């Protein structure tokens, strides 16, 4: 029976419907908030395909944890989510082939808001699949529907508390490859964007390797995981330094012993 099922699947024709909605001006927008007044921005969306495309626009929350997970939620569960005072010009758009649409948003902080630190949320742009009224054909059709998450961050410069902690460092060999996983905790009140630098030294002080990972956003009260590959470092035990460079003379570092394994013997 299993062979018959596999044969039947092998005879099916699989076709793909390519997504063609693109966000032109980036997936992260940062603003300096004013103590009084509204801040506005624009998300530019284009239909690069040859057919009309419809998309739904809505707001969500986003958080990151020390397990490396990113969680989106339409429910607001924290104080520093700006979704409640983030307004949108559209909640659904229809784009003709080649058309570009500007979606305007506004940030209007409430009067009783704590005017310090960073507030953030997400604008989701999700393609809507129109009902296919064509006569069904034999085969499996896979529709690739696109969804973009655009992070909207607003920050007050006054009373900003910048404090980053390296919460955990561990060696990970998942998938047969070695990398260092660094969990970074933001214990301040403003978003920080550390560049992660790993320096590896031999016992006599010679630098064996220096690796740098581009910045990632670490939101206040939350954690972010950085993965640094070790593929080109010989097996051994090394004195190492990890540095989170946030710019503006904000450096956070830790010394540790790095064991690099010989995976060929495992």
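GNM on the chain, alpha-carbon springs under 10 angstrom: the most fluctuating residue among 38, 53, 193 is 38.
On the basis of the beta-carbon distance and an R0 of 35 Å, residue 160 and residue 50 show a calculated FRET efficiency of 0.15. Listed from fewest to most Cβ neighbours within 10 Å, the set 45, 71 follows the order 71, 45. What does the helix-only formula give at 222 nm for the chain: each DSSP H stretch with n ≥ 4 adding -39500 (n - 2.57), the total divided by the residues, and the result rounded to the nearest 500 deg cm²/dmol? Result for the chain, helices only: -1000 deg cm²/dmol. Please state the shape class of the range 164-265: rounded when a/c is under 1.5, otherwise prolate if a/b exceeds b/c and oblate if not, all from the C-alpha gyration tensor. Judged from the Cα gyration tensor, the range 164-265 comes out prolate (a/c at least 1.5, a/b above b/c).
Sorted fewest first by neighbouring Cβ atoms within 10 angstrom, 226, 72 come out as 72, 226. Taking the simple approach of a point 7 Å from Cα along Cα-to-Cβ for both residue 187 and residue 58, what is their distance in nm? Once both label points are built, they end up 3.8 nm from each other.
Test of understanding: in a Gaussian network model of the chain with alpha carbons linked when under 10 Å, which of 114, 232, 245 would top the mean-square fluctuation ranking? Of the options given, 232 has the highest mean-square fluctuation. Calculated FRET efficiency, residue 263 to residue 22, Cβ-Cβ distance, R0 = 41 Å: about 0.55 to the nearest 0.05.
For the chain, divide the Cα radius of gyration by the Kirkwood radius and give the resulting Rg/Rh value with two decimals. The Rg/Rh ratio comes out at 1.08. Could you check which residue among 237, 155, 118 shows the biggest mean-square fluctuation in a GNM of the chain with a 10 Å Cα cutoff? Its mean-square fluctuation being the largest, the pick is 237.
Where a number appears in this text, it was derived from the coordinates with a stated rule and is not lab data. The structure presented is a predicted model; accordingly, all values stated were derived computationally and were not measured. All Cβ positions, glycine included, derive from the backbone under ideal geometry; neighbour counts span all protein chains shown.
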